[in-house]
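The values are calculated or read from the model by the stated rules, or taken from the named source; none is laboratory data. Values in this document were obtained by computation on a predicted structure and should not be read as measured data. In this analysis, Cβ positions are derived from the backbone assuming ideal geometry, glycine residues included, and neighbour counts consider all displayed protein chains. SASA here: full protein model, heavy atoms, side chains in, ligands and nucleic acids out. Shrake-Rupley method; radii C 1.70, N 1.55, O 1.52, S 1.80 Å.
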Amino acid sequence: MSCNSDKKEIKNLDVEIYETSESGNKLTRITEFSTADSLAVIKILPEQKFQTITGFGGSFTESSAYLLNKLSKKNRDTILQAYFAEGGAQYSLTRTHIASCDFSLNNYTYAPKEDDMEMESFNIDEDRDDLIPMIKDAQAISQDGFKIISSPWTSPPWMKDNKAYVGGKLLPKYYDAFALYFSKYLEAYKAEGIDIWGLTPVNEPHGNGNNWESMHFSPEEETDFVQNHLGPKLESDGFGDINILGYDQNRKGIQEWVDAMYKDEASSKYFDGLAIHWYESTFDYLPKELQYAHNKSPNKYLIETEGCVDSEIPKWQDDAWYWKKEATDWGWDWASPEDKHLHPKYAPVNRYARDIIGCLNNWVDGWVDWNMVLDRQGGPNWFENWCVAPVIVDPDSDEVYFTPLYYTMAHFSKYIRPGAEVIGVENTDDDLMVTAAKNPDGSIAVVLFNEGTSSKNFALTLGEENVSVKINAQAIQTIIIPKKVR
């Protein structure tokens, strides 16, 4: 598509534009271009190259898989196609849990027998009815495939000092047994036709307030476990190519963790990167911390492995709610006085768009949403820790609701593909957030976010070519610049 211009000295820039907006667009193709003069200029600088993209996507959880099983085959397929098919969001990076988590129906471990140091009781039977079929069905749909990062919320309880699913620490005498537990997991899933791309040693090592499955690690303890137990074990068992991502919690802890993980060559040998979450704040993506992680070890992955809107109960079939600040997170109610400023009420769509763009502009190479599917309560969840997902379903009436968050994620996952390089952008409008990436096929994807209540006009330029574009109020836009055939 092209835009006509009377200015002969400026060449037309061919673009395709897709928009999701508070006014009702849902990844809608925009065919009417701006005719207004604009002082705002967004200049694409492909010669400035930054990180290589690993992928975007969401998480396979028992809760999501259980709900898919309760829907009609038609609706189950509709959801999986929407996430993984070429005509859908084309998720390329995903996550799942090793044994139970808060978004499971109950507590379970793969190694139930106490002091089973050889993992003779190890089995993944709990996953066979729901989690494994969901992953395999997604694999069958995905044309390009997708990577999976797996995380335990805890070791088997008998390995911990409190012998419980919630809280406690892994006893050092069980470090080798826990390393074997990971190896058995990789082997069992491989036997099911599911290859795992990456692991984290534990989800949220600070313990998440000991509300649900958790296990405490200090940075030094986790580094010891990976350096001297998990890394060598996976290597000796033929899983040396599995990517181990350390930490797996909020960004304010980044400096303390990477200082321990990347202290020297020995400590960093088996760490392939850092996993982070966003729950520190509803709006602040903490760029200084992200920059610190990159600068500490520029060649390692920096991946957001979990983010979601913690709410009381998500709103059913109410698109407007996802654009309103009243859809708040837990921090508004529970944050300590000194952290309250980090948790203002902030609209879910704004939170996703702002965070992903902020991450991409600060060296993050992958971004993974939490649950793909939840019910109208924001569950099921054995702890009743209700959250929002991009797709909400009512299994009793066999209804499916694609929230605006689904389209928000697709603006990135569908158009910025694995192997893309984040490239430079000059932006003269401080009220617009923008990021850009050059895809392996040579096309360039530019993603913009207009949080304001007024539409904006801007000139998008690449070299000697430009086009005038309008972005609606409260909108996300992806602009595709096809590879030019010369």
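Tell me whether region 464-474 contains one or more residues that are at pLDDT 95 or above, under 29 Å from the mean Cα position of the chain (by Cα), part of a loop (DSSP other than H, G, I, E, B) and of a type in the set (Val, Ile, Thr).
Taking every residue of region 464-474 in turn, none turns out to be at pLDDT 95 or above, under 29 Å from the mean Cα position of the chain (by Cα), part of a loop (DSSP other than H, G, I, E, B) and of a type in the set (Val, Ile, Thr).
Given the criterion open to solvent by 20 Å² or more (accessible area, probe 1.4 Å), out of contact with any helix residue (DSSP H, G or I) (no Cβ under 7 Å at 6 or more places or on another chain), closer than 16 Å to TYR247 by Cβ and assigned to a helix (DSSP H, G or I), identify the matching residue among HIS341, HIS294.
When all the criteria are applied, what remains is HIS294.
If you go through region 309-322, how many residues are crowded, with 20+ Cβ neighbours inside 10 Å and at pLDDT 95 or above?
1
Looking only at region 309-330, decide whether some residue is charged (D, E, K, R) and within 16 Å of the chain's Cα centre (by Cα). Step through it out loud before you land on a result.
Initially, region 309-330 is screened for residues charged (D, E, K, R), giving 310, 312, 315, 318-319, 324-326, 329.
From what's left, within 16 Å of the chain's Cα centre (by Cα): 310.
Scanning region 309-330, I find at least one residue that is charged (D, E, K, R) and within 16 Å of the chain's Cα centre (by Cα), so the answer is yes.
Please specify each residue of region 256-286 satisfying the condition of being assigned to a loop (DSSP other than H, G, I, E, B) and more than 22 Å from the chain's Cα centre (by Cα). If you could, list the steps in order and put the result at the bottom.
Of region 256-286, the ones assigned to a loop (DSSP other than H, G, I, E, B) are 262-264, 269-272, 278-286.
Correct list: TYR262, LYS263, ASP264, LYS269, TYR270.
Would you confirm whether any residue within region 202-216 is under 21 Å from LEU186 (Cβ atoms), at pLDDT 95 or above and of a type in the set (Ser, Thr, Tyr)?
No: region 202-216 contains no residue that is under 21 Å from LEU186 (Cβ atoms), at pLDDT 95 or above and of a type in the set (Ser, Thr, Tyr).
Go through SER397, SER413 for me and flag whichever is surrounded by 18 or more Cβ atoms within 10 Å (Cβ to Cβ) and closer than 24 Å to ALA327 by Cβ.
Result of the check over SER397, SER413: SER413.
Within region 58-75, how many residues turn out to be part of a strand (DSSP E or B) and either of a type in the set (Asp, Glu) or in contact with a helix residue (DSSP H, G or I) (Cβ under 6 Å, 6 or more places away or on another chain) (or both)? Write out each step before concluding.
Let us first name the residues in region 58-75 that are part of a strand (DSSP E or B), namely 58-60.
Next cut, either of a type in the set (Asp, Glu) or in contact with a helix residue (DSSP H, G or I) (Cβ under 6 Å, 6 or more places away or on another chain) (or both) only: 60.
Residues flagged as part of a strand (DSSP E or B) and either of a type in the set (Asp, Glu) or in contact with a helix residue (DSSP H, G or I) (Cβ under 6 Å, 6 or more places away or on another chain) (or both) within region 58-75 amount to 1.
Anything in region 166-192 that is aromatic (Phe, Trp, Tyr) and closer than 25 Å to GLU304 by Cα? List them, or say none. Talk me through it step by step, then tell me what you get.
Let us first name the residues in region 166-192 that are aromatic (Phe, Trp, Tyr), namely 174-175, 178, 181-182, 185, 189.
Scanning region 166-192 gives PHE178, TYR181, PHE182, TYR185, TYR189.
Restricting to region 445-471, what's the tally of residues that are touching a strand residue (DSSP E or B) at 6+ places or on another chain (Cβ under 8 Å) and open to solvent by 10 Å² or more (accessible area, probe 1.4 Å)?
Total meeting the criteria: 12.
Can you find a residue in region 440-451 that is farther than 30 Å from ASP318 by Cα, among the β-branched types (Val, Ile, Thr) and without any contact (Cβ under 8 Å) to a residue 24 or more places away in the chain?
Within region 440-451, not a single residue is farther than 30 Å from ASP318 by Cα, among the β-branched types (Val, Ile, Thr) and without any contact (Cβ under 8 Å) to a residue 24 or more places away in the chain.
If you check TRP197 against the conditions, is it touching a strand residue (DSSP E or B) at 6+ places or on another chain (Cβ under 8 Å) and among the hydrophobic types (A, V, I, L, M, F, W, C)?
yes
Conditions tested, residue by residue: (1) among the small types (Gly, Ala, Ser); (2) buried (at least 21 other Cβ atoms within 10 Å of the Cβ); (3) touching a Lys or Arg at 6+ places or on another chain (Cβ under 7 Å).
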{"position": "LYS11", "(1), (2), (3)": "no, no, no"}
{"position": "TYR18", "(1), (2), (3)": "no, yes, yes"}
{"position": "SER34", "(1), (2), (3)": "yes, no, yes"}
{"position": "LEU39", "(1), (2), (3)": "no, no, no"}
{"position": "GLN48", "(1), (2), (3)": "no, no, no"}
{"position": "GLY58", "(1), (2), (3)": "yes, yes, no"}
{"position": "GLY87", "(1), (2), (3)": "yes, no, no"}
{"position": "ALA99", "(1), (2), (3)": "yes, yes, no"}
{"position": "SER104", "(1), (2), (3)": "yes, yes, no"}
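Which of the following residues is closer than 19 Å to LEU230 by Cβ and not aliphatic (A, V, I, L, M): LYS169, LYS136?
Of LYS169, LYS136, the one residue that is closer than 19 Å to LEU230 by Cβ and not aliphatic (A, V, I, L, M) is LYS169.
Could you grab the pairs with beta carbons closer than 6 Å, sequence gap of 6+ or different chains, first residue in region 94-121 and without any contact (Cβ under 8 Å) to a residue 40 or more places away in the chain, second one assigned to a loop (DSSP other than H, G, I, E, B) and of a type in the set (Val, Ile, Thr)?
So the pair list comes out empty.
Return the residues of region 416-444 that are open to solvent by 30 Å² or more (accessible area, probe 1.4 Å) and not aliphatic (A, V, I, L, M); say none if nothing qualifies.
Listed by number, the residues that qualify are ARG417, PRO418, GLY419, GLU421, GLU426, ASN427, THR428, ASP430, ASP431, LYS438, PRO440, ASP441.
List every residue pair whose Cβ atoms lie under 9 Å apart, where the two residues are 6 or more positions apart in sequence or sit on different chains, the first residue falls within region 419-434 and is among the hydroxyl-bearing types (Ser, Thr, Tyr), and the second residue, located anywhere, is open to solvent by 40 Å² or more (accessible area, probe 1.4 Å) and part of a loop (DSSP other than H, G, I, E, B).
Every condition considered, the pairs that remain are THR428/LEU39.
Does region 58-67 contain at least one residue that is farther than 17 Å from VAL373 by Cα, touching a residue at least 40 places away in the same chain (Cβ under 8 Å) and among the charged types (D, E, K, R)?
No, region 58-67 has no match at all.
Going residue by residue through region 378-393, is there one that turns out to be aliphatic (A, V, I, L, M), at pLDDT 95 or above, more than 16 Å from LYS315 (Cβ to Cβ) and surrounded by 19 or more Cβ atoms within 10 Å (Cβ to Cβ)?
no
Looking at the structure I just gave you, is ASN439 in contact with a strand residue (DSSP E or B) (Cβ under 7 Å, 6 or more places away or on another chain), polar (S, T, N, Q) and closer than 12 Å to ILE44 by Cα?
So ASN439 fails the test.
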